[in-house]
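The values are calculated or read from the model by the stated rules, or taken from the named source; none is laboratory data. Only a predicted model underlies this, so the values are computations on that prediction, with no experimental measurement involved. Positions of Cβ are backbone-derived with ideal geometry, glycine not excepted, and every protein chain shown enters the neighbour counts. Calculation scope for accessible area: heavy atoms of the full protein, side chains included, ligands and nucleic acids excluded. Shrake-Rupley method; radii C 1.70, N 1.55, O 1.52, S 1.80 Å.
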Amino acid sequence: MADKDSVEKYLENNPQFAKEYFDKKLRAEALTAAFSANVDIKDTASFKDVNAVQEAAIIFELVKELQKPGNMEQSLHKVLQRVALIIQADRLSYYACRGRNGTLELATSLFDVTPTSKYEVNLVDPQTEIVFPLEIGVVGFTATSKKPHNNYLSCFSDFVDKQTGYKTKCMMTFPLMAEKECLGVIMALNKIGAEHFTPEDEALFHKYMNFAQVVALQHYTAYMWNVESRRSQVLLWSASKVFEELTDIERQFHKALYTVRTYLQCERYSVGLLDMTKEKEFYDEWPVKLGDVEPYKGPKTPDGREINFYKIIDYLLEGKEEIKVIPGPPADHWALASGLPTYVAENGFICNMMNVAADDYFTFQKEAVDETGFVIKNVLSLPIVNKKEEIVGIATFFNRKDGKPFDEHDEQITEALTQFLGWSVLNCDTYDKLNRMEWRKDIAQEMLMYQTRCTTDELQSILNTKEKFDAEPEDCDQKEMYKLANIPPADNVNGESLYLFSFSDFPVTEFDLIKAGIRMFFELGVVEKFKVPAETLTRWMYTVRKGYRAITYHNWRHGFNVGHTMFCLLQTGKLRKYYTDLDAFAMVAAAFCHDIDHRGTNNLYQTKRYGIFFLSSNFTFDHYDLPQSLNIFCNLQKRQFENVQHLFDVCIIATDLALYFKKRTMFQNIVNATEPMTDEKEATAYVSNNPIRKEIVIVLHVLFSFFFVPLTVCCDLSAITKPWEVQSKVALMVAAEFWEQGDLERTVLDQQPIPMMDRNCAEQLPKMQCGFIDFVCSFVYKEFARFHKEIQPMFDGLNNNRAHWNELAEVYNAKMKAIEDEKKRLEEEEAKKGKNIFVRSLICWLDRRVHFSFFFFVYLAGGGGGGGSEGGKSKTCTIC
C-alpha cells in the first residue's frame, strides 16, 4: 500500500495525471471541508510560504464577510487585517471622507489595524477622531486625485505622526470610490523587514482593495437609500402638517417638526422663534431717549432686527419623549447658553460642529445640561428663512443617534426642512392678510351700508306708520302696511302713467321716483305673493337710490328709467307671459340696481386707471349677503333664491353692449321662428315649454341669456325712444359725461380720447347719434317690434328721434359746407390781395361759430329751458 510520501512524489512527477484526477474526482464536500476551518496565523513572517490553498481560504473568508449584515467598519476591519498580513505592512488605517459646513474633510475611522489587533481597539471614537482637510498629506492628495499611490512622500505631512508619536517610513494609499465620489482612503504604513513596498506588494494591495471597495460601496448604497428615504419622508410629512395649520406659525412649526422627529435621527433638537418687530413703537423708545435704559448694542439679524428669542420649543427624544415650550426663555437656557443660535441668527450661516466640548469660541456646557444627564457632543444649527429672506427662527439639532458627527447629508435634510418651514410662513402671513382684508371689507361695508341705509325719518316719510298707526313699522300688520297712502297710483305719477313707454322722469322729484319704484313692485303683484315686508321694500329702494352717485348721466334717474322700461316691457309690452312672477320680480329689481356706484367712466378707463373695473352689482347685492332689513328676497325658498341670484348676475352683466353684439343673432333666430306662428299660445309655448329655449330665455342653467340680453339692453337704451324733447336732453347728458371721461383720459392717462369722448369734437354729436341709432339701437327695437306688436311705439319713437338728429346733422353739414366755401373764397382773395390780418381773424371767427350754432340748435330743439328738473331748472340748460 502506497504511503503519503510516495503519493505526493508520484503526483509531483505526473502533473497532468494529477490535474485530470482532481478535475474528475474532487467533490464539493471535500472542498467545503477543506475551507471550513478558519485560517490560523501563528507566524506572520512565514507567510511567504503560505500555499495557494491557504490564500484561497483567506479569499473565501473575505467573501463570506461581505455577506454578513453589519456595520461597514467591522467588515472593513477584517479586510485590513488580512491585507496587512499579505503585504507585510506594519499597520493599516481607514480615513472616511465626509463633508461638513460645505467643506470636505478626512477623519480617522479605523486606526492602526494589524493582523492581530482587535476591532474595538482600532475603531476610533467620534469624540477622539483626527480630522484634517483634503489639502493636507498623502491621504488628502489621494482623496483629491482619486488615484492610488506608493511611496509618494513629496506631499507627506507629519500632522498625524505628531498626534500619535509614530514614525512613518513608507506608505501605500488607495481611494475607495463610488463612481466619481471618494468615500474614503485606506493607507498601509511601513513595510516589515524592508525600506519600501515593492511593486509586487502594490499589486497584492490593489488586488485585495477590491474587497474593501465592495464593502464601502455596499455601505454607501444603503446609507444613501436611508438618506433619500428620510429626506422624502421629512418633506412629505412636513408638507402635510404645514398645510393643516394656517392660523398660527408656532403651531405650524410644532406640527411639522414633531411629525418628522423619527427621520431626523438626533437625540434632541430645539427651535427658537425670533421676534419679527423691525421698528419699535414710539412709546417703547421713551425710556431709551430719557436715558433710563441703555440703547440696544447686541447682535442683530441681517435685516437689522434685534435678536430676541420670544419662544423656545425643545424636543427631547432620548429616552422618554418630551416636548417643552418656554415663552420668553432666559439667556442661560441650555440651548441658548452657548451663543451658537444667536451667532446663526446674526450671520445666517449653517453651523455643523463636532466635539463641541473642545471648542473655544462658543461656551458649550461640558457637563450635563439638565437632570436627565444629557451631554452635548455634536451640534447642527440652521436658520429658518422665509420668502422675504428674513430669519424667522433657528433650528438646532444635538447629537446624532449613531454617535457620529452630522455630515453634509444631515445638513441637506435639515436645510430642506427649515427652508420648507420658512417658505410656509408665507401661508400664515397670506392667511392673516386675507383675514385682515376680510375684516376691513366687512367694516367698510358696514360703514357704507350705514351711510346708504334708509333712516327712520326717511322710512316714515313714505310709510307714515307713526301718524296712521302710532307704531313702528315692525309692529304694524303687513296687510295694513300694504295699503300705502303715500304711494301714488301707477296711472298718476305727477300726472303721467307708469304704464306708458313715454313716461318722463324730468318733472318728477327724486323722492317721488322712489315712491314710483315701490309702486311698480305692487303693480307686478310680487309684494304680497312673496311676502315682502313693506318696511324692507322701502328701505331697499331708498338704499338703491343712495347707491347711485351724483354724476351727470349714470345717476339715480338713469337707474329708475331702466327699471321703469323693464316694467313697461313686462306689463305694457306683454312679455310677462314668458316669465314666472319670480322672474319678473328679479328682473325689475336687477334693472334698478344695474348701474349702482357707477363712476361716470367706462370699464376700459377703470382698467387703465386702476387695473380693475367696478361692477355695479357688487354694491347692493354683494354676493347676496344683505342684512335682513334690506333683503327683499328674505322669504324665498333656497331654490328660488338661487334663481334670483343667477338672474341678477345675468341682468346686470347683460347691459354690456359687447355681449349684446355677440348674442343678438340668437334672439333674431327666436323671433324668426315665432313670427310665422298665428297661435299666440303656440308661440308662447315655443319659448316657455321647451327646456332649451327656456334656458335661453330665463337663464336658469346657463351663464348668459340669449333672449334676456337684448331685453336688458333695450331697457338700458330706452332713452333713445323717448319723445324728442326728453331724448335730446338725455343725449346731452350722456355726451357731457363722455366728455368728462375724455378730459380725464387727457389729463390723468395722458392720452388722446376717441372722438365720442372728445369735447373738441362736440359738433359731431348729431352725426354720432345717428350712427349709434343705426348700428346699435335700430336692430334690437326692430326685432322686438316683430316679436311683440305692443313694442312698436318704442320703435316708432326711435325712428322719430333719428329723424330729428338727422335734421340737425344735415343743418350742421350745410353750415359746415357754407363756412368751408366762405373760407375757401376768402383764402383765394387773400392769395390775390396778399396777407390781410382782418380776413384771417374772420376765418377764425367762422370756425368758432360752428360750435355755437350746434349748441344753439340743440337748445332750441330741447324746448328752450322748459321741463326742468328739481327747482324748475333744466339740467340741459346747465350743460349748455
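Here's the yes/no breakdown for (1) of a type in the set (A, V, I, L, M, F, W, C); (2) open to solvent by 20 Å² or more (accessible area, probe 1.4 Å); (3) farther than 24 Å from residue 788 by Cβ:
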position: 500; (1), (2), (3): yes, yes, no
position: 507; (1), (2), (3): no, yes, yes
position: 510; (1), (2), (3): no, yes, yes
position: 523; (1), (2), (3): no, yes, no
position: 531; (1), (2), (3): no, yes, yes
position: 539; (1), (2), (3): no, yes, yes
position: 548; (1), (2), (3): no, no, yes
position: 555; (1), (2), (3): no, no, yes
position: 567; (1), (2), (3): yes, no, no
Contacts under 9 angstrom Cβ, first residue in segment 725-742 being over 11 Å from residue 758 (Cβ atoms) and modelled with pLDDT of 85 or more, partner open to solvent by less than 20 Å² (accessible area, probe 1.4 Å) and of a type outside the set (A, V, I, L, M, F, W, C), 6 or more apart: 737/600; 737/601; 740/600; 740/601
Complete set of residues in segment 335-378 that are open to solvent by less than 30 Å² (accessible area, probe 1.4 Å) and over 23 Å from residue 408 (Cα atoms): 336, 369, 374
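Going through segment 288-301 one residue at a time, which ones are out of contact with any helix residue (DSSP H, G or I) (no Cβ under 9 Å at 6 or more places or on another chain) and in a loop (DSSP other than H, G, I, E, B)? Even if it seems obvious, please write down each step before you answer.
Going through segment 288-301, the residues out of contact with any helix residue (DSSP H, G or I) (no Cβ under 9 Å at 6 or more places or on another chain) turn out to be 288-291, 297.
290, 291, 297, listed by residue number.
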Residue that is surrounded by the most Cβ atoms within 10 Å (Cβ to Cβ), among those in segment 611-644 that are assigned to a helix (DSSP H, G or I) and at pLDDT 75 or above: 644
Pair list, Cβ < 8 Å and 6+ apart or interchain, from segment 544-555 residues that are over 12 Å from residue 593 (Cβ atoms) to residues that are small (Gly, Ala, Ser): 549/600; 551/600; 552/600; 552/736; 553/600; 553/736; 554/600
Complete set of residues in segment 83-107 that are open to solvent by less than 20 Å² (accessible area, probe 1.4 Å), closer than 12 Å to residue 187 by Cβ and assigned to a strand (DSSP E or B): 89, 92, 93, 94, 95, 106
Condition check for residue 119: in contact with a His (Cβ under 9 Å, 6 or more places away or on another chain) and under 17 Å from residue 183 (Cβ atoms): no
Of the criteria (1) modelled with pLDDT of 80 or more; (2) of a type in the set (D, E, K, R); (3) farther than 30 Å from residue 266 by Cα; (4) exposed (fewer than 12 other Cβ atoms within 10 Å of the Cβ), which one residue 442 fails: (1)
Conditions (1) surrounded by fewer than 20 Cβ atoms within 10 Å (Cβ to Cβ); (2) more than 40 Å from the chain's Cα centre (by Cα); number of the one not met by residue 326: (2)
Condition check for residue 405: open to solvent by less than 20 Å² (accessible area, probe 1.4 Å) and part of a loop (DSSP other than H, G, I, E, B): yes
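Among residues belonging to segment 745-775 that are of a type in the set (D, E, K, R) and free of Cβ contacts under 8 Å to residues at least 60 places away in the same chain, point out the one that is surrounded by the fewest Cβ atoms within 10 Å (Cβ to Cβ). Before the answer, list the steps.
Within segment 745-775, the subset of a type in the set (D, E, K, R) is 745-746, 750, 758-759, 763, 767, 774.
Add one more test, that the residue is free of Cβ contacts under 8 Å to residues at least 60 places away in the same chain, and what stays is 746, 750, 758-759, 767, 774.
Details: 746: 16, 750: 7, 758: 17, 759: 15, 767: 18, 774: 11.
Ranking the qualifying residues of segment 745-775, first place goes to 750.
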Qualifying strands (runs of 3 or more DSSP E) (wholly inside segment 302-397; at least 1 residues being free of Cβ contacts under 8 Å to residues at least 24 places away in the same chain): 322-327
Unmet requirement for residue 161, which otherwise passes all of (1) under 18 Å from residue 208 (Cβ atoms); (2) surrounded by fewer than 19 Cβ atoms within 10 Å (Cβ to Cβ): (1)
Condition met for residue 109 (modelled with pLDDT under 90 and not assigned by the TED database to the domain that holds residue 415): no
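Determine if segment 574-593 includes at least one residue that is under 30 Å from residue 474 (Cα atoms), open to solvent by 40 Å² or more (accessible area, probe 1.4 Å), modelled with pLDDT of 80 or more and not charged (D, E, K, R). Walk me through it before giving the result.
Step one: list which residues in segment 574-593 are under 30 Å from residue 474 (Cα atoms), which gives 580-593.
After this cut, where a residue has to be open to solvent by 40 Å² or more (accessible area, probe 1.4 Å) as well, the list is 580-581.
Within this subset, residues satisfying the condition of being modelled with pLDDT of 80 or more are 580-581.
Subsequent filtering for residues that are not charged (D, E, K, R) retains 580.
Checked against the condition, which is being under 30 Å from residue 474 (Cα atoms), open to solvent by 40 Å² or more (accessible area, probe 1.4 Å), modelled with pLDDT of 80 or more and not charged (D, E, K, R), segment 574-593 yields at least one hit.
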So residue 600, is it modelled with pLDDT of 80 or more and surrounded by fewer than 21 Cβ atoms within 10 Å (Cβ to Cβ): yes
Test: residue in segment 436-454 that is in contact with a Lys or Arg (Cβ under 9 Å, 6 or more places away or on another chain) and aromatic (Phe, Trp, Tyr): no
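Would you say residue 394 is touching a Pro at 6+ places or on another chain (Cβ under 6 Å) and not basic (Lys, Arg)?
Working: touching a Pro at 6+ places or on another chain (Cβ under 6 Å): yes; not basic (Lys, Arg): yes.
Yes: the conditions hold for residue 394.
Please pick out the residue among 123, 80, 110 that is touching a residue at least 24 places away in the same chain (Cβ under 8 Å), in contact with a helix residue (DSSP H, G or I) (Cβ under 7 Å, 6 or more places away or on another chain) and under 14 Å from residue 187 (Cα atoms). Walk me through how you get there before you give the answer.
Working: 123 fails: under 14 Å from residue 187 (Cα atoms); 80 fails: in contact with a helix residue (DSSP H, G or I) (Cβ under 7 Å, 6 or more places away or on another chain).
On inspection, the qualifying residue turns out to be 110.
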In segment 140-179, the residues that are under 16 Å from residue 112 (Cα atoms) and charged (D, E, K, R): 158, 161, 162, 167, 169
